[in-house]
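Visitor: Let me begin by handing over the structure; questions about it come next.
Each reported figure results from applying straightforward, stated rules to the coordinates on display, with no laboratory input. All values derive from a computational prediction rather than experimental measurement. Backbone-built Cβ (ideal geometry, glycine too); neighbour counts: all protein chains shown.
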Amino acid sequence: MGDGLVVQRLVGRAEEQAILGKVLKGSEPEFLALYGRRRVGKTFLIREFFQDAIRFELTGIHSASRSLQLRNFSDQLARAGGSQPREELPSDWYRAFGQLTAFLESLDTARRHVVFFDEVPWLATRRSGFLQALEHFWNSWASRQAHVVLVICGSAAAWMIEKVIHNRGGSVQSRHAAAPPRSVFADRSP
């Protein structure tokens, strides 16, 4: 967490800050799901609290095709790595998460690295394969990386609860998952 200025900018979020502080200071891999109504400051909370610990951030695009979402992913991954976007896009989310894994493996493991996916319901459309690839990323690699903090965020609270928090049939919480996502409900203005 940053200096005292951040704390001042996050007035009214003591409970959420306590959870985020434990996550950031922890020594185990963490999976955090933040959900709540639109315009209550979820994204601001994550960005302000984690600041420079965010190594990769992707915000879903409303009503966008899978190929546009994958272009957005590729552009953001290039930005995170300080390179030019690739002309050839990953063909699916499984390959995109493979690229993300390779990027994260190149980073120093002595520091916590936050991977932040915002507006997840926009990324995880019906046939996109996003949730299955996210599940695979978490279960097969990220859940074994003590320096990784995976944060997903969404405004469609009912969707987040059904598809992520309470889902026991596969997506994200398979029986092999190291731990289910820790959930934070942020449904009020600060």
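Visitor: Using each residue's phi in region 86-91, evaluate 6.51 cos²θ - 1.76 cosθ + 1.60 at θ = phi - 60° and report the 3J(HN,Hα) Karplus result to the nearest Hz, with x for Gly and Pro.
Guide: Using θ = phi - 60°, the values come out as 6, 6, 8, 7, x, 6 Hz.
Visitor: Whole-Hz Karplus ³J(HN,Hα) for region 131-137, in order, using 6.51 cos²θ - 1.76 cosθ + 1.60 and θ = phi - 60°, x for Gly and Pro?
Guide: 4, 5, 5, 4, 4, 5, 4
Visitor: If we count other beta carbons within 10 Å of each Cβ, what is the order of S83, S128, fewest first?
Guide: Values: S83 10, S128 18.
Neighbour counts put them in this order, fewest first: S83, S128.
Visitor: Mind listing the long-range amide H neighbours of V148? Cut-off is under 5 Å, sequence gap 5 or more, other chains count too, H placed in the peptide plane at 1.01 Å from N.
Guide: Hits under the 5 Å cutoff: E30, H113.
Visitor: Which of L100, L131 comes first, and how do the rest follow, when ranked by fewest Cβ neighbours within 10 Å?
Guide: Details: L100 24, L131 21.
Result, fewest neighbours first: L131, L100.
Visitor: Going by amide H atoms built from the backbone, whose H comes under 5 Å of the H on I54, apart from near neighbours?
Guide: V114
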